[in-house]
Structures are given as structure tokens and as C-alpha cells.
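What follows is calculated from the coordinates using simple rules that are stated; it is not laboratory data. From a predicted model like this one, the values you see are computed outputs, not experimental measurements. Counting neighbours? That spans all protein chains shown, and the Cβs are built from the backbone with ideal geometry, glycine included.
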Amino acid sequence: MREEIIVRVGAKILTPFIIMFALYVHFHGDYSPGGGFQAGVILAAAFALLALVYGLGAVQRVLPPWFTRLCAALGVVIYGGVGVVTMLLGHNYLGYNALAHDPEHGQHYGILLVELGVLVTVFGVMASVFYLFAGRGRRDS
Amino acid sequence: MSIELLLALSLAVPAAGTFLILLLRRSPNAREAASLVTAGALFAIVLRIYGVVSSGERPAVVLAEPIRGIPIALEAEPLGVLFALIASFLWIVTTMYSIGYMRGHHEKNQTRFYVFFAFAIASVMGVAFAGNLFTLFLFYEVLSLTTFPLVTHAGTDAARRAGRVYLGILFGTSIAFQLLAIVWTYSVAGTLDFRTGGILDGRLAGIAVPVLLGLFVFGIGKAAVMPFHRWLPAAMVAPTPVSALLHAVAVVKAGVFSVLKISVYVFGIDFLAAAGASIWLMWVAAATIVLGSLVAFTKDNLKARLAYSTVSQLSYVVLGAMLANSWGVIGSGLHILMHAFGKITLFFCAGAIMVAGHKSEVSQLKGLGRTMPVTFGAFFIGTLSIVGLPPTGGSWSKWFLGVGSLEAGQVGLMAVLMVSSLLSLAYLMEIPLKGFFHKPDEPPRHEGIHEGPKWSLVAIVTTAVACLALFLYPEPFYRLMTMVAGP
Amino acid sequence: MSTVVDIVLLTLLAATGIALLRIRNLFAVVMLAGIYSLLSAGLFTVMDAVDVAFTEAAVGAGISTVLFLAALALAGHHENRPGHTPLLPLVVVGVTGLALVYGTVDMPGFGGADNPVHHHVADHYLEESPHEIGIPNVVTAVLASYRGYDTMGETTVVFAAAVAVMLLLAGRRRSRAAAGDDGEEGGAGHR
Amino acid sequence: MGEGAGRVTAHLPILQVVVPLLAAPICAVLRHGRAAAWLAVLASWSVLGIALALLGQVMAGGVISYHIGDWVPPIGIEYRVDIVNAWVLVIVASIGAVVAPYAIASVEHEIAARRIPLFYAAYLLSLSGLLGIAITGDVFNVFVFLEISSLSAYALISLGRPRRALTAAYRYLIMGSVGATFIVIGIGLLYVMTGSLNMADLAELLPGVWDSRTVKVAYGFLGVGICLKLALFPLHLWLPNAYAFAPSPVTAFMASTATKVAVYMLLRFFLSIFGAAFSFEVMALDRILLPLALVAVFSMSLVAIFQVDVKRLLAYSSVAQIGYMILGLSFASVTGLTATLLHLFNHALMKGALFMALGCVVYRIGSVHIDAMAGLGKRMPWTMAAFVVGGLSLVGVPLTVGFISKWYLILGALEKGGLWIAVAVLVLVTSVMALVYVWRVVESAYLREFSGDEGTREAPLSLLAPTWVLVAANVYFGIDAVRTAGVARQAAEVLMAGIGS
Amino acid sequence: MSLDFFVSHYNYWVVIFLMMVGFYILISRGNLIKKIIGLNVFQTSVFMLYISMGKITGGTPPILIGDAHGGEAAGHVVYSNPLPHVLILTAIVVGIATTSVGLALAVRIKEAYGTLEEDEINRIEAQVEASE
């Protein structure tokens, strides 16, 4: 019992740090290794950890499967949408220079946005896939 | 009406007839009337085309162009007109005959029968007026397809097996050999058009010529040159009008007609003769003539005997084409005509005997001639025409074929013609002889048997009279053939 | 120094690989596969591919291990002894490997600064990205901008995988018995 | 308005892929199957419109190059449309546009309702993956889109109702991944020798390193990898079961597009990137492919004859037909390649029609076993008539597209003269074999008594109409092949550029 | 074969060996999950091949030092080629995507057939086929 409490508390304390680390990885991707993909993976891992400790049901109440599924789709739309926007602004697809007056800012915004798309999708997908595998096992027993 | 339109109509009328027949399927009388009207209209159209062509014109029309330079084109030339005349005239007669036969025999699915019959005639017109090899091949294949439901009409296991043989051989040979030959021709000549004097002269030489010719002759399975003749006896499971028109006239003649047309307009007889490419095929045809007759001898089933007789007679036409001289070609063309009338008479009689007398085997016919004198009389006339004896039209074609053989220096072939005539005399004459002169085995059985249905009888008499008339008036057809290959 | 690390890592990788081949307890195999990924992440670091190393560690040692374990929990973890002779696979592998080795003979040497790889478009990325994109991590610049479309494709691949897994695993499972004699098997049992 | 329209036409290359690609995630989150279905239909129809417009643009104005992200190639990724891939795009898009509406009723019948939105998401992903492979001018981008199409294809196949669909999908996944990995290795080896990933750029750089062993090995790996994807004998093992057990619309779609795109990849890599001269003069590609193609055509036709499951029968026939395409390539001539490119289109039409007709049968009687189909000619006249026409096309009867393909194939063989006539004969003999296997089905359907459920009726219009669209196309392009053959020939000339012929 | 040649190529060869180990596991093992592990090893080793291509001896990771806007600092340092890294990042993601789909399939197959061994599955399928 006591160990379980330790684990629970540990997980609870750890989770915000993991999420913060994920965000760091995401936003610091311009300067150091990392980016949307790695951040998405870490973020999903945080919830997987919670699920392992508190059970799948508890986590799915906070983060329901429909939401992760939505995220998985949303990220792709964000990424593709950036391209559509640049196209509407008169540039080619994914021509980030369209997003601001000077190319450098445009590129920054563009990269930020598409990385966000990657983050959202990867998080959504990883969480969904985890739910599906874990969920199937639970019903089995 | 422009002649080009008429040419297109020669295909469209029978095709439209199918829809008419389908529409009127609820009323058998109206349906059959539609069949007759369509047939009559078609014959009128072909007669008009004949008028134009016999004055030396060659009307042509392009329907579509699937591959650049290879259109689907129709062209009326004398040989095709001859074939179209035969087929369209005999369609009228056969339709009359069918009305009696199908009703008398209580066949099922009569509408389907008339529909596919009309379709088959449309494809025959396509074959007759094909303006190039591709069009010929196209309608040749369509003909195989449209006659298939007629062959399997009965829907029995035997019919299914026959259908398999039928389609297997006709499609198999045409795809494996004929198509290859056509593409080969195209790749050598750069065109597929039929031209007087041929398109291959000077473009092909050596062993390739006889090989290509062989591909054509064997690829045209409908010509029933051995060993690809098996489909013809198999097709005899079809109702008798089908056997009569299609497997004595339209389909098989489409085959030999194609062989003749290819020899004349693709190779050119002078080129063939000079290359000596056709000699080996002469002997294949000769072998088919003799073997076909011999097999016919062994058949007791009347339709089977007639079928093997057809196999044998078809090779006369092939032989005429392979002789590669003008007499041979004329004899060949006339034999298409003469054999058509002779053999359709025989089939009509066989059908009448089946419907009215319920007999299908030769050995059962003893004494039947006394109760069915008109039928057996017509059979006798038909026999004379097939054998080639005066006063029937058949004597003309045999004569020209004989002359052609001599001109080609093939005395041996003369002997073959003689022997085969004797054989056919023997196996066909047995039937009227049995009918008139043998005493019936069990006299009481024949009671209640009389002549066939009256529609059928009209047809039988018409064709039998035509056999005689063609002896007296072969002139128009001879003229047509001299336009193809003047002596 | 890095050469030594390189050799050590490669040796360890080879050893892990062979162990993977021989061990038939799949739990152990999955763990070894995770180790294999970690080792390769180390190798990537030695070869200056820090981004790749990070990702390989997260994916190979992290996610895929979790997925494998989940799958094993659902599907059992013992592997049967291979029943048939491995001759054909050996030949295939041998031929493939030899072909590759043959191909390396004319390949520019490892680490050469003059290799064509480094002087066609790579130059441009390293020299121009500061002006054109303006972020220090060139890998990110190439990933998200120069070849941003590839990354969009990559995102779509991940999404496609999610769709596939949802199609396969969402919903109630059929019991084994029900699945075994399903009438859909084969054609004879048509409805 | 005019300016706006001008802008849109300039973006057609990217819209070709992005439209279905972005429709897919939207489908995935929709709750109602019908809504997803119509979105998919809408997307696939606009895809067809774009493909046709692109073909028009290319034929009028030559090669289109679209710089994604405004980066000039080879720095960035380029979409490059020439007549070859414009043609392939039209093929894929046409089939996609016909199968999407067909799928509506079929899928509701074969797949659980909850999964339907996801089904359409996977369908659109597969479509955009294939289009992406066809349109891109960047070799690594090919790999990425290959995986998009493959992953969704694995999922789609696994949706088939028999449990064997699962093992079929798994086998495909393994072989497909091996193929993809081989392709990646090949791309890597090319990259190490040239430093470039852009196709046009590679085509310029490669002649400089032609004689290196690395390039030759890259050639081999790309070849094996692509041939795994296109199921060239003997690497076809995944295909028959995958086609046989997948849901009907999936089979129709995959059979008509996936292998076609793989053939395109082969042509693009071997003839454009490495160059026809390298392929035929250095690598002796023709001599390697010829025996494989011949064996494929012959042995697979033979195997097809003995199948009792009609879907599987057609699947083996597909492997044989792929053999024809490769055969045309192995002629190393413009005519042969014309035959290949024509057959890409024509085979898509015929197999699409045939598999869709079978889908109608599945819809009504739940099986495509040859015995179960006995007597169906009377019960489902339109469905079986569609099958007959498709079958005739497969055999190569005139007035159908099958004939046109065969014509060019034989012409190509005869053009080479000499012993090549044997190849022509083999093509024809295998056509006769096709007649036999098509015939078995037709005979069962028309000449046997129906033994199934008395209530069996004709399939609904929503299935028949798309099926007959393809049937009509089979006939239309069989009668008027001047245009299709013209495009194919032009494309063949582009691919064979640089080699005398 | 000179030592120099060996030193400049051994890396590739070991990587090829690793690739072949993965490939061999993939095609020789009958367990469906083991096969996927083999595929993973195969692909990971291919990644190493790519990364090896991008390495420059004495180079550093392609994260520009100093002023992000280029300038003098960038000139003195040799950076390894970033492009293979980008490609492999993509490939890794593709790899995990394939793995997850493969595993999901394996789970479903286990549920439907009760086994994960290829031989047994083939046997079951052959029985079904024979009964057709």
C-alpha cells in the first residue's frame, strides 16, 4: 500500500515536470535538438505514466479518447492549413515567407505553427494508440 | 438515300430489329412479323447495294477509329456483296422456317432466339462488308459471341459442353493465330485495308509468307479446316434453324469468306501463286475434304452427318482460295453460294423430319419418304447440289474448282474432288433412298406423321427451287466473281 | 576518441543483434530491442546526429517498447522454435548483404569531408539557412521549412497509423470461438 | 475572378494531393458515416477534376514544376508534372472518383457502422499517398507518400470480413515494409553518390557516376523494392490473398491503382532518373525483366484457371496482367512502352469494373465462390453483364480496351522481329487462358441453375451505376483509343528520350 | 585492399551486418511479433547507414554556433551534413507507425487464430481452403 502511495504521489509530482519538459523540447527545438515530434511523444508518455499508475479509466476521464482522436486529426489539419494559408496569401504551398512582412519572421511563424501541428498529431496519435492497446488488454481480463 | 448510309443501315437494321423483337416479346405473332419485316428490309438494302456495286462502284464508310490508321470501316466490294446477298436472302427463308419449327417443337425462350439471331445476322453483315482486316476480325469475334447463346439454347449439360468447345475453338484460334497474323500484317504492311492485288506484295518474302497464310487459315476457325473443325459438329446441339442458317450458311461461310477475302485482298492471288505459299494449305484443305466425307459416313445422326459434310464442303472453298488463280477464286466464291442453298435445304429437311417425324437418326428414316414426299424430294435436290450434279447450281462451282485445280497444275487435287464427290453422293443419297425405297421396319409407327409445319414447308420448297434455278441462272453471281478475279 | 566509441558501440550492437536472433522469450527480446535502440541512439550521437539520437531514444527505446509490451501482454510472449530450415532466408540475406558490401566499395569513405553528399544541397543549408530561416538548429530548419513538406507527409503517416490502429483495435473483440467458425470463411458458406 | 482562377490553376499540382490529404482527418472526426462518405466523394471528384486539368495543362504547355515552400529545387521539394505522371494521376484519380461513390452502399454492408468514417479517412489517405508518389519530383518524398498509401492500404485490407484478411494484411505489411526499406536503401545509395534527392537533378548528376558499383547496387535495391510493391512474379506472394479478402471497394481501388503507381515508380526511377540508356545499355534491364514477365504472365494465368474463389482468380489474373506491363517495358522500345502505359490505364478500367461487379455479388449473396455464383446471370443480369464485358476486355476482345493493350503489346513484339514472335504468341496464348478463367465464371453464372436464396435480387443502383461507368469506359476507350494511345505514346517517347528508337 | 580503405569503410560494413541480422530475423522467424522486431532492427540499421553518410570526421552537430544570423563564427566550424538527419527523423517516425500497425494486426490475428506462429496459421488456413 505504502509503495503505491509513493508511486501515486511520485507520478503526480512528476507529470507536470514531464509536460514542462515536453514544452521545452518543443519550443527550444529551434536552438537545440528536439521539436514537435519529440515533444508530442513525451507529452503522450506523461499521460501513459498516469494511466499506468491511476488506471486507464481515470486518465480517460481527464483526456477522453475522442479528444486524442480529434488531436490526431487536428494536427494534420493545422500543418496542412498553414500551407493553405500561405497559398491564399499568394505564395506557394508552405511558403512561410507569406506569413510576415520579412521572410525571417515568416519562417519563424511558419515553423512554429507546423511544429505545433506535429506536436498535436503526435500527441494525439500516441495517446490514442496507447489507449487502444491498453484498452483491449483491460477488456480481455 | 446515299449508298454510304445504306451500308451503315445494313448493320443497323438487323440490330434495330433486335430491339423491335424485344419490344414485341409479349405477342409471338407480332414478334415474328417484326423478324420477317426486318429480314425483308435488310434484303432490300443489300439488293440496292448490289445494284451499285455491280456497276463498278465501291462505296465505303468509316464508323470509328479506335487506333490511329486502323478504322472500323465498311466497304462494299463484289465478294462481300455476294456473301451479304446469300445471308440476307436466306435469313428471310430461315425466319419463315423458324416460325414453323420453333412453334412445332415447342422451344423455350423463343424471344431470346430471335434476338440473338438478328444480332448474328448484323455481325454477318459486318463481316461481309468489312473494309479492313481489323473490322473483319471485330465482327468475326462478335459473331462468335452472338451465336453462342443460340448454340447453348437448350441449356442442358450437353449444350454447355458444346458451348465450351464452340467458344474455345473459335475464340482460341482467332485470338492465338488470327490476331497474331493481323498484327503481323500490320507491322509489315503498315495498313490493314483490303486492296485489289493485296497489301503484302513485296513486303514479305520467304518462309514468312506460307507461315502467315497458315496463321490466317487456321486462325479463322470458322472455316473448320482440320484440326480445328470440332466446334462445328458440337454446335449441332442448337435448334435446327440455327444449324441451318448459321452452321450451314452464315457462320461457316463467314469463315471461308474471310479466308477467300484475305487471299484475294491481303495477299493477292498473283503474290500467293508466285510465292507458292498456299500449296501446303491446298493439301490440308484436300485432306479435310476427304476426311470430312469419311467421318460423315460413320455418323448415323442426321445432323451430325450433315455437319461433317459441311466440314468437308467448306474446305472446297478454302481449296479454291489456295489455288491462287482466278478460276479457283471464282469457283470458291460460287461454292459459297451453291453450298449455302444446298446445305440449308438439307438442314431444313432434317429439321422438318425431326419436328414432324420425330426422327433424328438416318437408320430410322426407312419409308418415311412416302409420308413426307415434299421434304424428301427437296432433300434429293439438295443432295444433287452438294454432290455437284446437274441440274443443280452445285455443278457450276465444282466445275470451276476443277478447272482451277488443273490450271494450278495440281492434277492430284482433281482426284480428290472426284473421290469426295463420290463419297458425298454415297452418304447423302442414302437418305432419300432409304426414305423412298426401303420398307419401313414397323409400319404402324408412321401413322399420324405428315409433312412439316406449313411455314417450314414453304421455306424448304423455296430453297430447293433455288438450287435448281441457280443451275439455269448463275450469271449475276458469276459476274460478281469475275469482278473479284477476272480470268 | 570518437572512433573508439564508434567501434565499441558497433560491437555492442552486433552482439545485441545476435542475441535478438537467438533468444526466444519475447519479453527479453523486446528489452534487447530497446537496448539496441539505445545503443544506436548512442551511435547517432557520436555521428553528430543529436536530433536523431533523441528521437530514436524516445521512439525506439520508449514508445515502441511500450507498444511491444502491450502487444505481448495481449498476444503471449513465447516464440516457437523455427520449424523449417533457414536455408532460403540465409541465401537471401547473404546475397543482399554481399550486394550491399559490393556497393560500398565505390562509396566515398566514411567521414570524408569532400564526399559529394556534403557539397550539393547540404552546403546551401549550412550556409544559407541563417539568412533564409534564421534559426541555429539547421536540422529543424531543413525539417520544418526546406523539406517541410516531407514532415507534413510524416505527420500524415503517423495519423494514418492511428487510423489503421483504430480500425483494427477499436471496438469489441470477437471471442476466439466465434471467429474460428465464422461463416465468412471461404465461399462455400455463402448466405 | 480571372486572376483568382489563374492563381488556382497555378496551385493545381499541390492541390492534387492536399485536397484528399486534408479531407482525410476531417473524415476521421466525423460521426456519421454518410457525411464522411460524401466528403470522400466530393474530395475524390475534385481530385479527378484537378488531374484532368493538369493533364490538359501539361499537354498544352509542357512540364509543370511546383516549388513547395517557395524553395528552388534541389534545395526544397518539387512537384513535377510531365505527361507521364499526369497520365498516371488521371488513372488513379478516375478510379478513386468511381470507387468513392460505389463504396457508400458497399461499405455500409461490409463494415461496422462505427468504423465507416475511419474507413473513408483511410481511403482518402491511400488515395493521396498514391497521388503523392505519382506527382512528386523528390525521391525521398516518394518514400514518405509510399508509406502513407501503404499504411492505409494495410488497414483497408484488414477490414475484410474473413479472418484471413488479417493475415493477408500482415503479409502485405511485412513484404511492403521490406520493399519500402529496400527503396530507402536505394535512395540512400543514390544520395551518397550525388548529394541530391531531386529527380531531375539526379538525372543530370547520375551519368557522371554511372560506372560506380554503388549506383548499380542502388539500381538493384530500388528494383527489388519497387517490384515487391508492384507484385512482380516471384515477389507477388502478398497480392492474391490481399485482394481476395479485402472489402470489395478496397479490392477494386487497390487492384486498379496501387500496382499501377508502383509500375510508374519503376518507370520513373529506371527510365527518367537513371535514364533509359543506362537501364537498357548498361544494366540490361530488358533482359532481366523479359523472362520474369513471361513467367509471370504464363504461370499466373495458369494458376488463375484453377481458382474457385472468383476474387482470388482475378487477383492472380492481376499478377499476370502486371506481367504484361513489365513485358512491354522489356521490349525497350517506344511501342512496347506505349503498350505498358496504355495497359496501366486499360487494366485499371477492366479490373476496376470486374472487382466492382464482384462487389455487387458480395452485396447480395455474400460470396464470390464460383459455385455460389451459379445461375446469377438471371438473378443479377446487370451485374453479370458488367462482369461479362469486363471479362471480355480482360481477354482482349475488340471494341474493349483490353484489345487495344494487346494490340500494342503484340505490335511491339513483332516490331522487334526474329524470335520475338514467340513472345507475341505467348501473349496470345495467355489471352486464351484468360478466356478460360473468365469463361468458367460466365458459364457458372449463365448456364447453371441458381441454388441460392430465392429472394436474391439485382444489386442496388448505387453500386451498379459506378460499375457501369467503368464498363462503359471499357467500351468507349476500346472504340476510341486514339486519344489514350496518343497520350501513352507521347509519354513513352518522353521516357525513352535519350535512346534511339 | 589497403588499410586506409578498410578504415574508411568498416563502419558501413558493420552496419550492413546489422541490417542483415534484422532482415534475417524478419524473414526466417515464424512468430509474427518477432518478425516485427526484426523489421525494427533492419530499419534502425538502415538509419545508421544514412547517418554514417552524413558524418564528417571532426565535424560537429549541425546546430550553428554563435550568432544565429550566420556571420564569422560559422565559418570556422565543420558541421556534419544535416540532410540525412532530417531524412532519418522522418524515417524513424514512419518506422514506429509501421510497427504500431503491425502490432495491432498481430494482436487481431492472435485473437482470430489463437496463435502467433506463422506455421500454425498456415496450417489452419490450408484446412479452411481444403474444405472449400
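Remarks
- Built amide H within the under 5 Å cut-off of D:Asp138, gap 5+: D:Glu78, D:Met199
- Where labels lie 7 Å past Cα in the beta-carbon direction, separation of A:Trp66 and D:Glu493 in nm: 5.9
- Annotation note: trypsin sites (Lys or Arg not before Pro) in region C:73-174 located in DSSP loop regions with a Cβ neighbour count of at most 13 within 10 Å are C:Arg172.
- Between 0 and 90 degrees, the angle of helix D:461-479 with respect to the longest Cα principal axis of chain D falls at about 50 degrees.
- Residues of region D:444-488 with amide N under 12 Å of the 7 Å Cα→Cβ point at B:Arg25: none
- Label-point separation in nm, B:Met429 to B:Arg195, each point 7 Å along Cα→Cβ: 5.0
- Taken residue by residue and averaged, Cβ atoms of other chains lying within 10 Å of the Cβ of A:96-103 number 2.
- The HN-Hα couplings worked out from phi for region D:110-115 by the Karplus form 6.51 cos²θ - 1.76 cosθ + 1.60 (θ = phi - 60°) are 9, 10, 4, 4, 4, 8 Hz, whole numbers, x standing for Gly and Pro.
- Helix B:208-219 axis versus longest C-alpha principal axis of chain B: approximately 30°, rounded to the nearest ten.
- When E:Tyr24, B:Tyr473, D:Tyr170 are arranged by Cβ crowding within 10 Å, least crowded first, meaning fewest neighbours, the order is B:Tyr473, E:Tyr24, D:Tyr170.
- Placing pseudo-labels 7 Å out from each Cα toward the beta carbon at D:Ala284 and C:Asp123 gives an inter-label distance of 3.9 nm.
- Contact order relative to length of region B:1-91, as percent, for alpha carbon pairs under 8 angstrom and 6 or more apart: 30
- Highest to lowest packing among D:187-200, B:242-255, scored as the average C-beta count within 10 Å: B:242-255, D:187-200
- Peptide D:18-31 - average C-beta neighbours from other chains (10 Å radius): 6
- Note, ³J(HN,Hα) from phi for region D:419-433, Karplus 6.51, -1.76, 1.60, rounded to Hz, x at Gly and Pro: 6, 5, 4, 4, 5, 4, 4, 5, 4, 6, 4, 5, 5, 5, 5
- Choice from E:Ser80, E:Ser45, E:Ser28 showing the highest fluctuation, given a GNM over chain E with Cα pairs closer than 10 Å: E:Ser28
- Comparing mean-square fluctuations of A:Gly83, A:Gly57, A:Gly35 from a GNM of chain A with C-alpha springs under 10 Å, the top value falls on A:Gly57.
- Each 5 Å bin from 0 upward holds the following percent of the Cα-Cα pairs of region C:1-79: 3, 17, 23, 21, 17, 10, 6, 2, 1.
- Here, region D:358-474 is characterised by an Rg to Rh ratio of 1.10, where Rg is the alpha-carbon radius of gyration and Rh the Kirkwood radius.
- For E:Asn31, the residues whose modelled amide H falls within less than 5 Å of its own, excluding neighbours fewer than 5 places apart on the same chain, are E:Glu118.
- Highest-MSF residue in chain A out of A:Leu49, A:Leu113, A:Leu88 [GNM, Cα springs under 10 Å]: A:Leu88
- When A:Tyr131, D:Tyr66, D:Tyr123 are arranged by Cβ crowding within 10 Å, least crowded first, meaning fewest neighbours, the order is D:Tyr66, A:Tyr131, D:Tyr123.
- Cross-link pairs beyond the 20 Å C-alpha cut-off, checked among D:Lys229/D:Lys351; B:Lys343/B:Lys439; B:Lys359/B:Lys439; B:Lys299/B:Lys343; B:Lys343/B:Lys398: B:Lys343/B:Lys439
- Across region E:3-130, the mean sequence separation of Cα contacts (distance under 8 Å, 6 or more residues apart), normalised by length, yields a relative contact order of 23 percent.
- Residues D:Phe143, D:Phe280, C:Phe44, arranged from fewest to most other Cβ atoms within 10 angstrom of their Cβ, appear as D:Phe280, D:Phe143, C:Phe44.
- Across q = 0.10 Å⁻¹, chain D modelled as identical point scatterers on its alpha-carbon atoms has Debye log10 I(q)/I(0) values of -0.70, in the order of the q list.
- The Cα atoms of region C:123-172 give a gyration tensor whose axes a ≥ b ≥ c have a/c of 1.5 or more with a/b greater than b/c, which makes the shape prolate.
- Residues whose amide H comes within less than 5 Å of that of B:Ala130, counting only those at least five positions distant or on another chain, are B:Glu75 (H built at 1.01 Å from N in the peptide plane).
- Shielding by partners for peptide D:204-217, expressed as the average number of C-beta atoms from other protein chains within 10 Å of each residue's C-beta, is 3.
- Rg/Rg_ref, region E:3-130, where Rg_ref = 2.2 N^0.38 Å and atoms are Cα: 1.54
- Diffusion of region B:278-487 by Stokes-Einstein, at 25 °C in a medium of 0.890 mPa s and with Rh set to the Kirkwood radius over alpha-carbon pairs, works out to 142 µm²/s.
- Efficiency of FRET between D:Ala277 and C:Ile7 - r from beta-carbon atoms, R0 35 angstrom, step 0.05: 0.25
- Shape annotation for region D:279-369: C-alpha extents along the principal axes are 53, 24, 15 Å, from largest to smallest.
- Helix runs (DSSP H) in chain C reaching 24 Å along axis by Cα, Kyte-Doolittle at least 1.0: C:2-22, C:26-46, C:87-105, C:148-169
- Legend: calculated FRET efficiency, A:Leu14 to C:Phe27, from the Cβ-Cβ distance at R0 = 30 Å, rounded to 0.05, equals 0.75.
- Length, then width, then depth: along the principal axes, the Cα atoms of the protein assembly as shown run 119, 68, 66 Å.
- For region D:413-488, the set of GluC sites (Glu not before Pro) satisfying both a DSSP loop assignment and a count of at most 13 other C-beta atoms within 10 Å is given as D:Glu449, D:Glu454.
- For the pair A:Ala100 and A:Ala58, a Förster radius of 45 Å applied to the C-beta separation gives a FRET efficiency near 0.55, rounded to the nearest 0.05.
- Taken one residue at a time, the phi angles of region B:144-149 give Karplus couplings (6.51, -1.76, 1.60, θ = phi - 60°) of 4, 5, 6, 7, 4, x Hz. Gly and Pro are set to x.
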